[in-house]
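Before any comments, here is the structure.
The values are calculated or read from the model by the stated rules, or taken from the named source; none is laboratory data. Computed from a predicted structure; not experimentally measured. Quick reminder, even Gly has a Cβ in these numbers, built from the backbone with ideal geometry, and neighbours come from all protein chains shown.
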């Protein structure tokens, strides 16, 4: 008899309580923790094109160039460094996505499951840029950073994989899960002036 | 009697604001500053000077104010040394004068002024030198009590501050005619523009000239309509750094009694600009003459500001003392406002403006100077003589306005490394060639007057936009050029007359002090600055700095450009510490790392402690153990030795190493061999730095032929990964190896003690835990409570032990399952303190022994060094000094009287009183196995001393403990238990 793996605990379960917080606003920022499977893909020496082809064939996803993110119907990839990407997708059982990618890439890539290693947060709203400016040194002005752009940078002194995924603007941030509570504290503190809503983890 | 003019000004007369100064209540208006409101209430005396406690009044109308510094607000929000002219009035404001006791009007230490002749520059150095022993106990405390302006609150700051990053194509500093034009020109070109203005109103000098109000309003409206132009009022650009990075403080809520909820009091902006336009205007210079610091002596431009902008009369009857045409505007404004002008004293023999003034009925005394002022706490009489000397004319007035010319505000340009150049035309320095991507415009580069400033601003703004990649053309109207003739300024610094002529009001420096410095050999401008404290105050000599340089030049018989002025440094204007610190206070000082079991620890009575950025349980005290810190530590350690304990070891660094050459890479990284390790086995590894010193250790397991699960110490996790990346990328790029940190992906828990196998056997599914199936250093995957786990049979405590790693999201259910299974054996959670105790008992090295000064042999780990094959650190580890057999080696210590600790840090000596150290104590703790205290130490000629006695001396605490030298393994020397 197979027994299912329990739902993993969130590193934010003590602090991320759904509700409205901060200043009153008709259009509060929206903060949400995402439950995604995360898999880091790193090509082995000289195998870049094999990995690109395998991911395209297996998941219909074209791995993005430097400082970009790419999305297919079910999966997103963020460029991290030459030959390295972070892939994310919803709806996979524990370990299943990493296994599927390993099966597809074989010995062409080193695959590491990071589902528990990173906490994924999204920040969305007209004032999202102002919030990000309080911890992120990058120029996120629409002329410089737009949907589909990504960066590996520090936000609030914490290493962060960042991508913009729409023009509202909305940002997705992957931070080490041991830092997630600290990061969340900075994020909500910085958003309080504009008012924010925490949505249930999904 | 009110000094508020009946009409005019930019104040909102309908909006009255109550405020208090030194406990007295006053009324002002919205749009006032504290300075203008006090002037409108007829208040003259606002402070006492720093050294001589001389009475002082308001000198300027800006943040450069050297005299009128107050303590602002009460309680936790009290701030010292706030310049009154930069304090925007709000309802309920309270301020206190400084540097006076018992009151501003009667101040005991003003006796210093009488003693002034005995307190010249360098007084403290000369007087308080002997006897030397008096310095620390007597002189310094005495001077410190007398010195210092104001007193800061000692309570925690109740406000919060934000740090914000911004980027733009063109940053414009200053919003006068030049700044507004520059911003609009750049904005119309399509550039992203930020316009910073330190005042709460935009306009700079435009605010003093009603004729230009329509143009000002039009410019602001136009800028406001441009989506890519950001206007930041109340924002001081305080520093110009490399790569066009500028620092800005935005005073978001200082004009309110308290910041609104959720809003920062101030924001610290770091602005990265492609191009910078410095339209920072100019500061007016004072003139040195006897008693020029008497309340009622004011800079002419400041008086103009109080009359025109704030409708506040700084006096009823005035003398104006000038060497330039610009200052005449003040006299004309006085005429319009009904303030008597007794005389205009112009050092120049002729001037075009003097003729204009005479035509308007004003009494102009050309070729004359102010020879002195009398009145003490307020100007009463001004004496005026011809420059070549004559019987003085005495004028009974209550206001003396002075203008020695204007210094372009070149501080930011200077910080950007642009050299200063002397301009005879304005008798001041102007910015020279740019070093960074910046240009000055308007008064900031010595072009005085609104029309020319507007033209320069427009051209500079357009050029900046072009340089940033935008096509620029100025499509807006500019104020008409001036046509009235002007006579140039005559450089004039000091009236040569007997008396105290101040050149630095904030630090009480006189012209004579500069000459004294020169006579005593401190003739370099930087030496004279430090000897006299001239320009060392927070105003950095904005009003009198150049005057001091001119007097030094005169004393040296050289030109002013040959002498120069001291280096300008950030901060151009003082800023609040809280804003620099920003969010990083208290618990937010550093990011905090929490393990997946953090909440469990808190719920279960853990006392947490910091380990780097991590928070870890130190111990879990039970209710009856309150007050006895050792009780929980010994109880937890005993449980491990006698039954079973469980410890959160998630903080250990974990690195996933993969690739065809992963094993070969590890062979080179570690001093021992990993390519021979079988899949499903772990091995203890030791790595050295390049210099042969031990770097880190940990167990690394082979998961597959091409994949290892590596662990590092908690503290070195990031450093080890960097070290590996460095070698993989630069030294051995041919190796196929990839790394990924998995420290946060995997939670880890150590289950240690004789009952550990019996405990986890009950819950580990899909794995036989028998000694043959999973021997010591065996590794296998399984499940616990349906969660995936990886079981490692490794031990830090020296007991039979397992580590269970699980993806972090399952840490709590797995931990709880182990606890439930171990309940019948008395399983006990243990913290970092017990962990430390256990490893010291076992003689395992950790941070105190791996401190960057020990070799493998020093630590008794020579068996970890492979005989063949290269590895990082091999060559330099063979240096004679590191290979010396007499180097201190790891030993154990047992105090002869085991109730006495051999404190860590103590030195090992042969006999009491010996000053020859044979080694030192690294780690000390109580032993649950042996009872009493034990320790680890590094000891020279360790084998010679084995079994003998030494003394562990800790002179700082006057401790001397006799110890016996033993093997470091206080427990289970044969290492049987881990294999059972």
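Consider segment B:393-429. How many of its residues are in a strand (DSSP E or B) and within 30 Å of the chain's Cα centre (by Cα)? Explain how you work it out, then say what you get.
Taking segment B:393-429 first, the residues in a strand (DSSP E or B) are B:393-396, B:399-403, B:406-408, B:420-423, B:428-429.
Then drop every residue that is not within 30 Å of the chain's Cα centre (by Cα), which leaves B:407-408, B:420.
Summing the residues that are in a strand (DSSP E or B) and within 30 Å of the chain's Cα centre (by Cα) in segment B:393-429 gives 3.
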State whether one or more residues within segment B:180-194 are assigned to a helix (DSSP H, G or I), away from every other protein chain (no Cβ under 14 Å), at pLDDT 95 or above and surrounded by fewer than 20 Cβ atoms within 10 Å (Cβ to Cβ).
no
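Residues checked against (1) modelled with pLDDT of 95 or more; (2) surrounded by fewer than 21 Cβ atoms within 10 Å (Cβ to Cβ); (3) touching a strand residue (DSSP E or B) at 6+ places or on another chain (Cβ under 9 Å):
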{"site": "B:316", "(1), (2), (3)": "yes, yes, yes"}
{"site": "B:337", "(1), (2), (3)": "yes, yes, no"}
{"site": "B:340", "(1), (2), (3)": "yes, yes, yes"}
{"site": "B:344", "(1), (2), (3)": "yes, no, yes"}
{"site": "B:347", "(1), (2), (3)": "yes, no, yes"}
{"site": "B:354", "(1), (2), (3)": "yes, no, yes"}
{"site": "B:359", "(1), (2), (3)": "yes, yes, no"}
What's the number of the only condition in (1) over 28 Å from the mean Cα position of the chain (by Cα); (2) assigned by TED's automatic domain parsing to the domain that holds residue B:414 that residue B:305 fails to meet?
(2)
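Table: residues versus (1) touching a helix residue (DSSP H, G or I) at 6+ places or on another chain (Cβ under 7 Å); (2) within 12 Å of another protein chain (Cβ to nearest Cβ); (3) in a strand (DSSP E or B); (4) closer than 18 Å to residue B:159 by Cα.
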| residue | (1), (2), (3), (4) |
| --- | --- |
| B:575 | no, no, no, yes |
| B:578 | no, no, no, yes |
| B:587 | no, yes, no, yes |
| B:595 | yes, yes, no, no |
| B:607 | no, no, yes, no |
| B:615 | yes, yes, yes, no |
Test residue B:866 against the criterion of being surrounded by fewer than 18 Cβ atoms within 10 Å (Cβ to Cβ) and part of a loop (DSSP other than H, G, I, E, B), and give yes or no.
yes
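Has segment A:163-183 got at least one residue that is more than 10 Å from every other protein chain (Cβ to nearest Cβ) and either under 17 Å from residue B:164 (Cα atoms) or part of a helix (DSSP H, G or I) (or both)?
Residues of segment A:163-183 that are more than 10 Å from every other protein chain (Cβ to nearest Cβ), as a first pass: A:163-174.
Filter once more, keeping what is either under 17 Å from residue B:164 (Cα atoms) or part of a helix (DSSP H, G or I) (or both): none.
No, because not a single residue in segment A:163-183 is more than 10 Å from every other protein chain (Cβ to nearest Cβ) and either under 17 Å from residue B:164 (Cα atoms) or part of a helix (DSSP H, G or I) (or both).
One line per residue, one yes/no per condition, for (1) in the same structural domain as residue B:816 (by TED's automatic domain parsing); (2) at pLDDT 95 or above; (3) touching a strand residue (DSSP E or B) at 6+ places or on another chain (Cβ under 9 Å); (4) surrounded by fewer than 17 Cβ atoms within 10 Å (Cβ to Cβ):
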residue	(1), (2), (3), (4)
B:580	no, no, yes, yes
B:606	yes, yes, yes, no
B:612	yes, no, yes, yes
B:619	yes, yes, yes, no
B:623	yes, no, no, yes
B:632	yes, yes, yes, no
B:635	yes, yes, yes, no
Please work out which residue is nearest to residue A:35 (Cα to Cα), limiting yourself to segment A:120-141 and to residues that are more than 10 Å from chain B (Cβ to nearest Cβ) and part of a loop (DSSP other than H, G, I, E, B).
A:125
Of the residues in segment A:19-38 that are within 11 Å of another protein chain (Cβ to nearest Cβ) and in a loop (DSSP other than H, G, I, E, B), the one that is surrounded by the most Cβ atoms within 10 Å (Cβ to Cβ) is A:22
Among the numbered criteria (1) more than 10 Å from chain B (Cβ to nearest Cβ); (2) surrounded by 15 or more Cβ atoms within 10 Å (Cβ to Cβ); (3) closer than 22 Å to residue A:151 by Cβ, which one does residue A:16 miss?
(3)
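Do we find a residue being in a strand (DSSP E or B) and within 27 Å of residue B:336 (Cβ to Cβ) anywhere in segment B:239-247? Step through it out loud before you land on a result.
Within segment B:239-247, the first condition is being in a strand (DSSP E or B), and the residues that meet it are B:239-241, B:245-247.
Right, trim to within 27 Å of residue B:336 (Cβ to Cβ) and you get none.
For segment B:239-247, residues in a strand (DSSP E or B) and within 27 Å of residue B:336 (Cβ to Cβ): absent.
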Scanning segment B:747-773 residue by residue, the ones that are assigned to a loop (DSSP other than H, G, I, E, B), in contact (Cβ under 8 Å) with a residue 24 or more places away in the chain and touching a strand residue (DSSP E or B) at 6+ places or on another chain (Cβ under 6 Å) total 3
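Could you tell me which of the residues B:930, B:950, B:956, B:936 is in contact (Cβ under 8 Å) with a residue 24 or more places away in the chain, surrounded by fewer than 19 Cβ atoms within 10 Å (Cβ to Cβ) and not assigned by TED's automatic domain parsing to the domain that holds residue B:798?
Values: B:950 fails: surrounded by fewer than 19 Cβ atoms within 10 Å (Cβ to Cβ); B:956 fails: in contact (Cβ under 8 Å) with a residue 24 or more places away in the chain; B:936 fails: surrounded by fewer than 19 Cβ atoms within 10 Å (Cβ to Cβ).
After applying the criteria, what remains is B:930.
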Which residue out of B:546, B:602 is farther than 30 Å from residue A:118 by Cβ and part of a helix (DSSP H, G or I)?
B:546
Index of the failed condition, residue A:110 passing every other in (1) surrounded by fewer than 22 Cβ atoms within 10 Å (Cβ to Cβ); (2) within 10 Å of chain B (Cβ to nearest Cβ); (3) part of a strand (DSSP E or B):
(1)
